[in-house]
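The values are calculated or read from the model by the stated rules, or taken from the named source; none is laboratory data. The model shown is predicted, which means the values in this text are computed figures rather than measured ones. Here the Cβ positions follow ideal geometry from the backbone for every residue, glycine too, while neighbour counts run over all protein chains shown. Side chains are part of the model used for accessible areas, which takes the heavy atoms of the whole protein and leaves out ligands, DNA and RNA. Shrake-Rupley method; radii C 1.70, N 1.55, O 1.52, S 1.80 Å.
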There are 2 protein chains.
Amino acid sequence: MKQIGVGLLGFGTVGAGVVEGLLSNRELLSQRLGVDIVLRKIADLDVTTDRGVEIPEGMLTTDAMSVIHDPEIQIIVELIGGTGIAKKFVLEAINSGKSVVTANKKLLAEYGGEIFGAAAEKQVDIYFGASVGGGIPIIRVLREGLSGNRIETIHGILNGTCNYILTRMEQEGLPFDEVLKAAQEAGYAEADPSLDIDGFDTAHKATILASLAYGFYVPLKSVEVEGIRNLSGIDVQYAAQFGYRIKLLATIKSGDGEVEVGVHPTLVPMNHMLASVNGVFNAAMIRGDLSGDTLYYGRGAGRAPTASTVIGDIGDIARNLTFGRPRYAQAVCTANTGKYQMRPAEKEVSRFYIRLMVSDRAGALATFTASLGRHGVSVLAATQKETISNVNNGFVPVVVLTHPATVEAVETALHEILVSGVVSEEPVKLRVL
Amino acid sequence: MKQIGVGLLGFGTVGAGVVEGLLSNRELLSQRLGVDIVLRKIADLDVTTDRGVEIPEGMLTTDAMSVIHDPEIQIIVELIGGTGIAKKFVLEAINSGKSVVTANKKLLAEYGGEIFGAAAEKQVDIYFGASVGGGIPIIRVLREGLSGNRIETIHGILNGTCNYILTRMEQEGLPFDEVLKAAQEAGYAEADPSLDIDGFDTAHKATILASLAYGFYVPLKSVEVEGIRNLSGIDVQYAAQFGYRIKLLATIKSGDGEVEVGVHPTLVPMNHMLASVNGVFNAAMIRGDLSGDTLYYGRGAGRAPTASTVIGDIGDIARNLTFGRPRYAQAVCTANTGKYQMRPAEKEVSRFYIRLMVSDRAGALATFTASLGRHGVSVLAATQKETISNVNNGFVPVVVLTHPATVEAVETALHEILVSGVVSEEPVKLRVL
């Protein structure tokens, strides 16, 4: 049986999981794939810490370049993270004719154009299944299983930290700050949680999914990103009253030659599969023109689940090298028809949840709905009488669910109501799936 | 760009969907895959019926052999179904060196050993993604995305007809017969519904999944199959009271070198993702040793969803032929380590839901639980007082949920209670997830 050599860069949590999986399931992998995958070298600056996995003497080195250029290594696995040295090593590997597996969403979201370009030029494979969805094979499904479909929409819960926080806010009625603190203590949120709670991690993943779905490199700066830091428990409770759960959703849509990609806290109907995704779990619902709605659910992070996907990618490349040659054509950007452009954020259409604190006088709701109506936004449901929180200074919460409308129309109406003086604070505007 | 020719056998509902998809999304496919997939010929005995899809003059023939032996065709797609002529054509295609895509679960479940053996000998690809889960890429995920995992369990809702019936029984409180009749009128169930409602369709699919997961050909006769024909609305209601929904589940498990495969109506906890799978939708939850639980959800049947998966398979083979050679090693049975054997049904372990109609006298419940206890079956929850249906002749329903126990122990205890004369009818025994 042919042997394919693997070199690992980055021996952290996921790296240790990959090493453990490759060593313990090596025989199973060779039986399934028809090729023997051999871990040859691991590079990390720290060669002393015990990772809880036994590796042969001499396998661990501080010299990443010696791993990349080892003639017995055909596949380089980058698990360093970030866009500094990781970028340098990935490009060095590609330019040395090595195929690459990476879980580095930030690197791909920010430098995908350059990296995929280099891989295409050198005709090597680059696989990145673990960059989105951890242990869930979303990327594989999108570029292989659904390859016969035009992708209409993708809705994803792609950040476990946010979903953990939102689940506890809803189930226990706790405020954001308190849950965040508990999540940090439990190790579900970083000390600096911004990348997660402000939506950037989700945005990185959304650009990767959108690029695969539509065949062109979607720049991160074209993605409107809204996090959950300012989400109020009041809105979580009102959403529940209307039959919805609030989730941080990546939304990817196409139509009329335009693609929109956004990250927003979004009301999801209770009976929708995505509403059942709780705690640190992730999921994505993908709608293809043939497949209809399909959903993929699992652990979006963690040592073993991420290792599962990394090893699946290694297996694929090993088969490519054994039964043929690299399939660089699978990279992002290859279906670029030049037909798509990004839709401007203000032209996006959605249903909205709007909460205003209006002065408690007859006509405030009427004034607001009239303003919405003037801008073509029609109201599906409204509630003024049910007050969850205490009323302050004669202002009461008014909540409105709209029919689909453009962001522009809704924002114009909200601006009108704000300057009219009948509201006490900036209106809350959330999207509805 | 290289062209790969496709020949289709069977121009029925799914066949027409495949033709439509291949023709309308041909450019998109070629951009994504780096190979041009060309539909060359279609064989069907009926060459006159309008399938609602326009095909070029001369493409349709009654002569399947001329399609199989066309030198410009490299991939044969079998969508005839059944195990008669379909088997003959599939073997003829394989023996002629053609790669095969089939959605024929019955053929694979009954003759998989022969067919996969022939494909391995001739070193051609055989893909069968649409044989399980329709538009959901479950098979692809199992043999590629999760290839680095030991598969611990698979739980699948794999038959849309049954799930539609069970959903309506629960949501509308209707009896089985009435919902079946409605399903037949709505086209969701066949005039002869046995293949679906007696669990055989699910069993066919379960053997395919189990064979892939454990690398040996799991014979259909080793699968214990229980359908939903005799399921009483009383049990659907009791299950709901305990916080469960009843689903027809395929259950695949391994442990201690043994594999068990069964099809049973099973109580699924309301907060489990599989409990949210309603109507004609299908889903499978797969637990790998690395990935943990992952779930795949979508339309398990229908023209376009099934075509989506068939086209994904065609795309894969086309890439194999373009960037390398067939990867016959992916077929079922290739990881056969000889390590596994089937677990005898009576040794299977599960939690159980048991309903008895006991004579309404003090001690009946105590007698029964004592009998369970003697055989090592401990009780988790029991209810005697809540009576949903009318009590007949002094017999009242007693419902018990057990801790995990072997089938053997539960059946022995049930036999004891039956011969003791305190029950009025055969006990109802359902599994609990």
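If only residues of the stretch A:412-433 that are outside any loop (DSSP other than H, G, I, E, B) and surrounded by fewer than 16 Cβ atoms within 10 Å (Cβ to Cβ) are counted, the one that is modelled with the lowest pLDDT is A:Ser420. Do the conditions hold for A:Ile165, that is, is it of a type in the set (Val, Ile, Thr), within 13 Å of another protein chain (Cβ to nearest Cβ) and open to solvent by less than 20 Å² (accessible area, probe 1.4 Å)? No, not satisfied. Scanning the stretch B:369-394 for residues that are at pLDDT below 85 and open to solvent by less than 50 Å² (accessible area, probe 1.4 Å) yields B:Thr383, B:Ser389, B:Gly394.
Candidates are the residues of the stretch B:217-272 that are surrounded by fewer than 20 Cβ atoms within 10 Å (Cβ to Cβ) and among the hydrophobic types (A, V, I, L, M, F, W, C); the one that is nearest to B:Gly156 (Cα to Cα) is B:Val225. Report yes if B:Leu212 is surrounded by 18 or more Cβ atoms within 10 Å (Cβ to Cβ), modelled with pLDDT under 95, out of contact with any strand residue (DSSP E or B) (no Cβ under 8 Å at 6 or more places or on another chain) and not in a loop (DSSP other than H, G, I, E, B), otherwise no. When the stated conditions are applied, B:Leu212 passes them.
Of the numbered criteria (1) more than 14 Å from chain A (Cβ to nearest Cβ); (2) free of Cβ contacts under 8 Å to residues at least 40 places away in the same chain; (3) part of a strand (DSSP E or B), the one B:Lys253 fails is (2).
Residue count for the stretch A:262-285, restricted to those that are in contact with a Lys or Arg (Cβ under 8 Å, 6 or more places away or on another chain), more than 21 Å from A:Pro137 (Cβ to Cβ) and among the hydrophobic types (A, V, I, L, M, F, W, C): 4. Of the listed requirements (1) under 21 Å from B:Gly81 (Cβ atoms); (2) not in a loop (DSSP other than H, G, I, E, B); (3) not hydrophobic (A, V, I, L, M, F, W, C), B:Tyr188 misses just one: (2). Scanning for something crowded, with 18+ Cβ neighbours inside 10 Å, closer than 20 Å to A:Val277 by Cβ and within 14 Å of another protein chain (Cβ to nearest Cβ), does the stretch A:112-124 turn up at least one residue? For the stretch A:112-124, residues crowded, with 18+ Cβ neighbours inside 10 Å, closer than 20 Å to A:Val277 by Cβ and within 14 Å of another protein chain (Cβ to nearest Cβ): absent. The residues of the stretch A:274-297 that are at the interface with another protein chain (Cβ under 7 Å from one of its Cβ atoms) and crowded, with 24+ Cβ neighbours inside 10 Å, listed by number, are A:Gly288, A:Leu290, A:Ser291, A:Thr294, A:Leu295, A:Tyr296, A:Tyr297.
Scan the stretch B:70-90 for residues that are closer than 12 Å to B:Val100 by Cβ, open to solvent by 10 Å² or more (accessible area, probe 1.4 Å) and not in a loop (DSSP other than H, G, I, E, B) and jot them down. Correct list: B:Lys87, B:Phe89.
Does B:Arg351 fit the bill of being away from chain A (no Cβ under 14 Å) and either at pLDDT 90 or above or open to solvent by less than 30 Å² (accessible area, probe 1.4 Å) (or both)? Criteria met by B:Arg351. Residue check: B:Val225 meets all listed conditions (1) at the interface with chain A (Cβ under 10 Å from one of its Cβ atoms); (2) within 20 Å of the chain's Cα centre (by Cα); (3) not aromatic (Phe, Trp, Tyr) but one, namely (1).
Scanning the stretch A:91-104 for residues that are open to solvent by 40 Å² or more (accessible area, probe 1.4 Å) and in a loop (DSSP other than H, G, I, E, B) gives A:Ser96, A:Gly97.
Here is a yes/no grid of residues against (1) open to solvent by less than 10 Å² (accessible area, probe 1.4 Å); (2) more than 14 Å from every other protein chain (Cβ to nearest Cβ); (3) out of contact with any Lys or Arg (no Cβ under 9 Å at 6 or more places or on another chain):
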{"site": "A:Gly7", "(1), (2), (3)": "yes, yes, no"}
{"site": "A:Val19", "(1), (2), (3)": "yes, no, no"}
{"site": "A:Leu23", "(1), (2), (3)": "no, no, yes"}
{"site": "A:Glu27", "(1), (2), (3)": "no, no, yes"}
{"site": "A:Gly34", "(1), (2), (3)": "no, no, no"}
{"site": "A:Lys41", "(1), (2), (3)": "no, yes, yes"}
{"site": "A:Asp50", "(1), (2), (3)": "no, yes, yes"}
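In this structure, does A:Arg150 turn out to be surrounded by fewer than 18 Cβ atoms within 10 Å (Cβ to Cβ) and within 13 Å of chain B (Cβ to nearest Cβ)? Yes: the conditions hold for A:Arg150. When the residues of the stretch A:298-309 are filtered to those that are within 8 Å of chain B (Cβ to nearest Cβ) and open to solvent by less than 20 Å² (accessible area, probe 1.4 Å), the one that is farthest from A:Ala130 (Cα to Cα) is A:Gly298.
For the stretch A:176-188, the set of residues classified as open to solvent by less than 70 Å² (accessible area, probe 1.4 Å) and of a type outside the set (Phe, Trp, Tyr) consists of A:Val179, A:Leu180, A:Ala182, A:Ala183, A:Gln184, A:Ala186, A:Gly187, listed by residue number.
Screening the stretch A:314-333 for residues that are in a loop (DSSP other than H, G, I, E, B) and facing chain B (nearest Cβ under 7 Å) and picking the one that is modelled with the highest pLDDT gives A:Arg325.
A:Ser222 passes every criterion in (1) modelled with pLDDT of 95 or more; (2) farther than 30 Å from B:Arg327 by Cα apart from (1).
Going by what's in this entry, would B:Ala130 be described as within 14 Å of chain A (Cβ to nearest Cβ), buried (at least 24 other Cβ atoms within 10 Å of the Cβ) and part of a helix (DSSP H, G or I)? Yes. Of the numbered criteria (1) farther than 18 Å from A:Gly312 by Cβ; (2) not in a helix (DSSP H, G or I), the one A:Leu39 fails is (1).
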